[in-house]
Amino acid sequence: MSVAKDREPAIAQPPLDPPLIIPPGNLSSHEPPLESSLHLQQLILLLTSLNWLWQDRTDYFAAGNLTIYYSPNQRKSEDFRGPDFFVVLGTERRPRKSWTLWEEDGKYPNVIVELLSDLTASVDRGLKKEIYQDTFRTLEYFWFDPVSLEFEGFSLVRGRYEPIAPNDQGRRWSDQLQLFLGIHDEQLRFFRPDGSLVPTPEEAARIEQQRADAEQERGDRLATKLRELGIDPDTL
């Protein structure tokens, strides 16, 4: 008969310092998740290009996927919406955790853009359109589907949304922003009144570098030509 060996006592693990805190698994957000990377890229594109164009302005607030609280009872537990992109004019440009009507002189967005998805399209075309028209009284409402490229725009006329007719390029004019909105390379972009594309900061830097390179190339060609004529360009 075999004799069982005595087990060695278990070594106690030292307590964690600081102790490990496990967050609850039922955390929720007021904002629905973005449908895809296309939706996220589109949202960033609208924000960065407008902020670049208006970099010297301090009288507006633009945000994406941020909660708007509009309860007449001034309660954040009721009456809130999270547009994909919105712009408020005539306000202070500063960071905010949310847009709270009773803390912002009762100002609603001047312009709202919703990005359609399979989950939100019916609400964006229906319920949200009604809220933005009847409650927010938002002067311009656009929607865009980054997948199907469906693009529509509406302007508030005598209390009702009327479609904004596209121009020959399929772009729709925003009287509030004094810009066109239209599709470029399968993305919703801003265009200046003269039709030129509003770039992102990266695109603007690239354009500036291309201009500098072209200027340098012209200077080099001129210098070469002068030397062929026996003229030292460095002495001019």
Considering only protein heavy atoms, what is the solvent-accessible area of Leu45 at a probe of 1.4 Å, reported in Å² to the nearest 10? 20 Å²
Taking a straight Cα-to-Cα line shorter than 19 Å from Lys97, and setting aside same-chain lysines fewer than 8 residues away, one finds Lys76, Lys107
Whole angstrom only: what separates the Cα centroid of the stretch 66-106 from the Cα centroid of the stretch 163-207? 26 Å
Which percent of Cα pairs goes in each bin when the distances of the stretch 45-138 are cut into 5 angstrom slices starting at zero? 3, 12, 24, 25, 19, 11, 5, 1
Leaving ligands and nucleic acids out of the surface, order Tyr69, Tyr108 by accessible area at 1.4 Å, largest first. Tyr108, Tyr69
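Sorting check: for 113-119, 165-171, 97-103, which peptide has the highest mean count of neighbouring beta carbons within 10 Å, and how do the rest follow? List each step's numbers first, then the result.
Numbers: 113-119: 19.7, 165-171: 12.4, 97-103: 15.0.
Going from most to least packed, we get 113-119, 97-103, 165-171.
On a full-extension model of 0.36 nm per residue, what is the gain between Thr100 and Asp234, subtracting their alpha-carbon distance, rounded to one decimal in nm?
Numbers: separation 134, 0.36 × 134 = 48.24 nm, distance 6.28 nm.
Length gained between Thr100 and Asp234: 42.0 nm.
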May I ask you to order 147-160, 129-142 by the average number of other C-beta atoms within 10 Å around their residues, highest value first? 129-142, 147-160
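The values are calculated or read from the model by the stated rules, or taken from the named source; none is laboratory data. Nothing here was measured: the structure is a model prediction, and the numbers come from that model. Because the Cβ atoms are built from the backbone with ideal geometry, glycine has one as well, and the counts that use them run over all protein chains shown. For the accessible areas, the whole protein counts, side chains as well, though only heavy atoms, and no ligand, DNA or RNA atoms are used. Shrake-Rupley method; radii C 1.70, N 1.55, O 1.52, S 1.80 Å.
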